[in-house]
Amino acid sequence: MNAPRRHSTALRDPAWLRTLLLTIALAFVALFLVLPLIAVFGYAIEKGFDVYLASVTDEDARSAIRLTLLVAAISVPANTIFGVAAAWLITRFTFSGKNLLVSLIDLPFAVSPVIAGLIYVLLFGAQSSLGSWLIAHDIKIIFAVPGIVLATTFVTFPFVARELIPLMQAQGSEEEQAALTLGAGGWSMFWRVVLPKIGWGLAYGVILCNARAIGEFGAVSVVSGHIRGVTNTMPLHVEILYNEYNRTAAFAVASLLALLALATLAVKQLVGWRMRRAEPEHDAA
Amino acid sequence: MRRRRRHALPGFGLTLGLSLSYLALIVLIPLGALALKSATIGPLEFWNAVTTPRALASYRVTFGCAALAGLVNLVLGPLLAWVLVRYRFPGRKLIDALVDLPFALPTAVAGITLTALYASNGPLGRWIEAAGYKVAYTPTGITIALIFVSLPFLVRSVQPVLEQLEPDIEEAAATLGAGRLTTLVRVILPTLWPAILTGFALAFARAVGEYGSVILSKLDAYDYAGATAIAVVLLLVSFAALLAINLLQLWTVRRRSSEAR
Amino acid sequence: MSIELTDIAYRYADVIAIDGIDLSIESGELLALLGPSGCGKTTLLRVIAGLEFPDRGTVRFEGRDVTQVAARKRHVGLVFQHYALFNHLTVFENVAFGLRVRRFWRRPRRAELKRRVSELLDLVQLGELARRYPAQLSGGQRQRVALARALAVEPEILLLDEPFGALDARVRGELRRWLRGLHDRIHVTSVFVTHDQEEAFELADRIAVMNKGRIEQLADPQTLYTQPASPFVCRFLGEVNELPVALHERWTGVRDADAIAFVRPHDLELTPSRNTDAARIESVRDLGATVRIEARHPALLAPLIGIQERGRFAENALEPGQSVAIAARQWVIFRTGDITSR
């Protein structure tokens, strides 16, 4: 987020307009952003800190946390590798069907998470041919961890690629071409030139992907079967607790997710700042 | 006959293979299953499933609330972006970071928080009920949740455009005698329009997507045919939104690149 | 290392970028590819570098066919128009890059590497800036880093793509002279691309004037200027007056013209005349070292342009409104039939 451009005094909005707009904007932010954020923590420690601690460390909560982290640990790296490969492919080469590929990458963005989950249930569920084969071989995908991993991977699929593609597009391939003429091989060029260039953008994409993977609810909800202690991720656990009228515990676990969200925002700002700083000046002299 | 030219940069084969197989595995095969399943349903059954009164009501709610939420953000989002880009005030950077909160916060958390706030015994719900309105578990409540969810889109799509706006055109307008408001409406707004529309489409698509979780859970969990049918409808709407977004962006780029340089 | 291009053709989308070019570059020569935007000169350079592969034709280095050889194996140094420096590396590391990515057995040891890089940095007069980053350098300095980097791998061919295009006039002039000096010392076969005729003339042993994917003329600067092979070359190399003439007479008006005489402004003589249907002076502008005179002849569409040195101008002291007679000291004639609209 850059500092506001220096506008001459001739362009300043009149004071009454400024006050009005500022007030509306701040009220909007307070009502829709700040208030919910405070509420999460407020409800979490409603009954005191001891209850809070107990809620986040009980067995079901712990297994939910473990599962959430496991799923993220699988889907985020996978999507990262894919994202880098796809971004390289799309920004450095021309080939027929490129536009189609880009649209396909954007697809999970357009698909409702619930539908994503539903798709996997259709594919691997008991009533499909593939599903019955799986059951016969005692391989569980739906209502088990692999299904959750697949659904989460689907939903967080585009994040890294979408972040890298405009970045690499804007950066151009000149440095890579220079590396080639200097004798660098493919991998050498990748590690020494490409990765350093996209470093911050990649970090940004990974952070977004991670936040989404951990927070994903809709798709996982359909696919997991809500088996407490086994196939419950944190977001699911939150919902279950709330529906059982165990509000404090629900918000306690939710507060962990909120803390993660805040950490994500903080890292996002930091990385974004670094990205802009790392951008080379275009030749002025 | 065009001979396929060799690529100077390495890695085409590898990245193409990797991308395509991953894409196939994660996206294409599952979507194919959906298409297949919906094909086996048969058009009449499909139509029935898609047009039950409950389904129709849920469409109305889904698209209605998403559109309404989108409209609210349509006005307030760019306003917020303007304030963040053009004004200086304490806490600006903090608020700017907070705009991404709905994006980073899991929907489950947002869901229960907003419900708790607007329920009859919640701090806000109490006042609203006193005024005679009910919010939680009503379309209004849903709309509020969707405003939260789609807020970032309309701010973030407009912000970069505003940041890159050169002061020149505004100064030119000023020298030509335009007042501030006139300049805003006649000069700045038209420039922002494509970004606003893009943001709206994204916000709408996201709102529809998020709401899906609510209505689908109301359906019988084992009515796969019905669920599939409705899923396809929602999917098609999302596709249309996505297509609109891409076309908009293409159109913007084409307009911009002929103006730039 | 000599370069030989035979029947190179390159097509991009619907545009023919290179239309069947043959070019022979001698070992140790400094050759310029000169032409307007879009004439294919940069594409040709990239074909030599191995960053583009032609649809047709062969590229040979000292007789060896390298047409399908990848860029990294061609041993060519390329200096990019916008430098393409590695922004995340220091000046030292940029120059050292080509040495560091070599296969293990060819990689120089640390001390050796340091020595070579330092030598090169001193050569381009940037020794003190070794630890700086590209963002902290001026345009001219960046250009020199790019050059040092390309030279570090001891290429047998040096290619430069509009190397001084992005710099301001004074720096450009200095770097031009410096590059020529460098080439005289190192004698690497060099090819550079430019659209600036003055630059080509100042630097190159020979110049290939290009237009629409073809080479219009390949010759040394002197020959190009005095014996242009086509009207395009003539027009491209500087301002020129075009006077319709009839070939059987020395000088005539437009009637019966079947050729055009191209006369440089320096070669146009204007002397006061009392003849009323002669040319009339429109403007006289003092350009400092020279004076630029514009005159109109009733039968010609375009104004006549003459340039005279200050001293000479003082002798005649022409003024706007005066009638003048036209004569030419030197000229090149092309038959009207030969002048195709290229």
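Values quoted throughout were computed directly from the atomic coordinates according to the rules given, and no laboratory measurement underlies them. Since the structure is predicted, the reported quantities are computational estimates derived from the model, not experimental observations. Neighbour counts run over all protein chains shown; Cβ positions are idealised from the backbone, glycine included.
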Margin query: I'd like to know which of C:G35, B:L192, C:H183 lies farthest towards the positive end of the charge dipole of the protein assembly as shown, counting +1 on Cβ of Lys and Arg and -1 on Cβ of Asp and Glu.
Written below: B:L192
Check: Along the charge dipole of the protein assembly as shown, Cβ charges K/R +1 and D/E -1, which of C:I48, A:L182, C:A246 sits furthest on the positive end?
Finding: A:L182
Next item on the list: Among the listed pairs A:K140/A:K268; A:K197/C:K73; A:K98/C:K41; A:K98/B:K93; A:K98/A:K268, give every one whose C-alpha distance is greater than 32 Å.
Entry: A:K140/A:K268; A:K98/B:K93
Notebook entry, point to check: Is the shape of region A:49-284 rounded, prolate or oblate, going by the alpha carbon gyration tensor and its root eigenvalues a ≥ b ≥ c, with a/c under 1.5 for rounded and a/b larger than b/c for prolate?
Noted result: oblate
Check: How far is it, in nm, from the label point at A:L69 to the one at B:T191 when both lie 7 Å from their Cα along the line to the Cβ?
Finding: 4.9
Next item on the list: Might you report the magnitude of the Cβ-based charge dipole of chain A about its Cα centre, with Lys and Arg at +1 and Asp and Glu at -1, to the nearest 20 debye?
Entry: 540
Margin query: Per 0.36 nm of contour for each residue apart, how much would the distance between C:T223 and C:S283 grow if the chain were fully extended, relative to their Cα-Cα spacing?
Written below: 18.4 nm
Notebook entry, point to check: Among C:I260, B:L154, B:A173, whose Cα lies farthest out toward the positive end of the dipole of the protein assembly as shown, if unit charges sit on the beta carbon of Lys, Arg (+1) and Asp, Glu (-1)?
Noted result: B:L154
Margin query: Applying a 10 Å radius around every beta-carbon, put B:64-71, A:241-248, C:17-24, A:16-23 in order of their mean neighbour count, most first.
Written below: B:64-71, C:17-24, A:241-248, A:16-23
Notebook entry, point to check: What ranking, highest mean first, results for peptides A:92-98, A:104-110, A:210-216, C:46-52 when packing means the other Cβ atoms within 10 Å averaged over each residue?
Noted result: A:210-216, C:46-52, A:104-110, A:92-98
Check: Using unit Cβ charges (K, R positive; D, E negative) and no other charged atoms, how large, in debye to the nearest 20, is the dipole of region C:62-146 about its Cα centre?
Finding: 460
Check: Roughly how crowded by other chains is peptide A:185-197, in terms of the mean Cβ count from those chains within 10 Å of each of its Cβ atoms?
Finding: 4
Checklist line | Prolate/oblate/rounded label for region A:49-139 (Cα gyration tensor, a/c 1.5) | finding: oblate
Check: Net charge near C:T194, counting Lys/Arg +1 and Asp/Glu -1 over other residues with Cβ under 11 Å of its Cβ?
Finding: -3
Check: How would you order C:282-290, C:295-303, B:23-31 from highest to lowest mean count of nearby Cβ atoms within 10 Å?
Finding: B:23-31, C:295-303, C:282-290
Check: Just counting partner chain Cβ atoms within 10 Å, what average do the residues of peptide A:59-65 show around their Cβ?
Finding: 0
Next item on the list: Counting only C-alpha contacts under 8 Å and six or more residues apart, can you give the relative contact order of chain A as a whole percent?
Entry: 29
Next item on the list: Please state the charge dipole magnitude for the protein assembly as shown, taken about the Cα centre, from unit charges on C-beta atoms (+1 on K and R, -1 on D and E), reported in debye and rounded to the nearest 20.
Entry: 1360
Note to self: Net charge within 13 Å of A:G186 by Cβ-Cβ distance, Lys/Arg positive one each and Asp/Glu negative one each, not counting A:G186 itself?
What the structure shows: +3
Margin query: Under the rule a/c < 1.5 gives rounded, and otherwise a/b versus b/c splits prolate from oblate, where does region C:68-167 land using the Cα gyration tensor?
Written below: oblate
Checklist line | Estimated [θ] at 222 nm from DSSP helical runs (n ≥ 4, -39500 (n - 2.57)) normalised by residues in chain C, nearest 500 | finding: -8000 deg cm²/dmol
Margin query: Let me check I've understood the local charge: for A:L104, count other residues with C-beta under 14 angstrom from its C-beta, Lys and Arg +1, Asp and Glu -1. What total comes out?
Written below: +1
Item checked: At R0 = 45 Å, FRET efficiency that the Cβ-Cβ distance of C:R102 and C:R177 yields, to 0.05 -> 0.85
Check: What average number of partner chain Cβ atoms lie no more than 10 Å from the Cβ of the residues making up C:86-94?
Finding: 4
